[in-house]
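These notes are about the structure you will find just below.
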Amino acid sequence: MSVTLDSEVETRIRKHARKGYPEETCGFLLGQVGEGPFGQEPRVIEAMIPVPNQQQDERRRRFLMGPEAFREAERRALEEGLDVVGVYHSHPDHPAVPSEVDRKHAWPWYSYLIIAVTKGEPGPIRAWQLEEDRSDFREETLEVPEVGPSRT
Ligand SMILES: [Zn+2]
């Protein structure tokens, strides 16, 4: 399954991750869902909603977004004619691979984008989706199309 990430949204995710370092940053991803078997529809991410990390402690390696933040994201998506297609969060000084805690808290269907931030510097973003039996994540193909020739 493929995920296409708008390059401006990618930039905003990177900025958020850098600003929040050394704590984890998180937010919702809004976009369009294409045709395909359930769970394998291609997604095009067109917007992001940063959400303050509501985790009480261990914010350097945990994140939490409450039900109110989710309702707000759904409301925004509806307004903009989009769907909530996933969640992004950062991994300060840790690879862009889901942790065991991420797996336990993940919902099926959604795309999980993880960005590694090493010593304050945002690195690669990788996309993951929970297997149907919730046993593990599988990696998705993430594409960030170039925004045409640069204007100088
Ligand atoms: Zn994580």
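Every read-out reported here was derived from the displayed coordinates using simple, explicitly stated rules and does not represent laboratory data. These numbers were taken from a predicted model, which means no experiment stands behind them. When we count neighbours, we look across all protein chains shown, and the Cβ atoms used for this are built from the backbone with ideal geometry, even at glycine.
Okay, here's what the table says:
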| item | result |
| --- | --- |
| Taking Tyr112, Tyr21 and counting other C-beta atoms within 10 Å, the order from fewest to most | Tyr21, Tyr112 |
| Sorted peptide list for 23-30, 117-124, criterion being average Cβ within 10 angstrom, highest first | 23-30, 117-124 |
| Likely footprinting exposure, Trp128, Trp107, fewest C-beta neighbours within 10 Å first | Trp107, Trp128 |
| Residue order, fewest to most surrounding Cβ atoms within 10 angstrom, among Ser2, Ser90 | Ser2, Ser90 |
| Helix-derived mean residue ellipticity, 222 nm - over the chain, DSSP H n ≥ 4, -39500 (n - 2.57), to 500 | -6500 deg cm²/dmol |
| Fluctuation leader among Pro50, Pro22, Pro37 - the chain, Gaussian network, Cα springs under 10 angstrom | Pro37 |
| Cβ-defined net charge surrounding Arg138, 13 Å radius [Lys, Arg +1; Asp, Glu -1] | -3 |
| Cα-based radius of gyration of the chain once divided by 2.2 N^0.38 Å, which approximates compact folds | 0.99 |
| Antiparallel content of DSSP bridges confined to the chain, in %, to 5 | 65 |
| Pairwise centroid distance, computed over Cα atoms, of region 89-109 with region 10-62, Å | 11 |
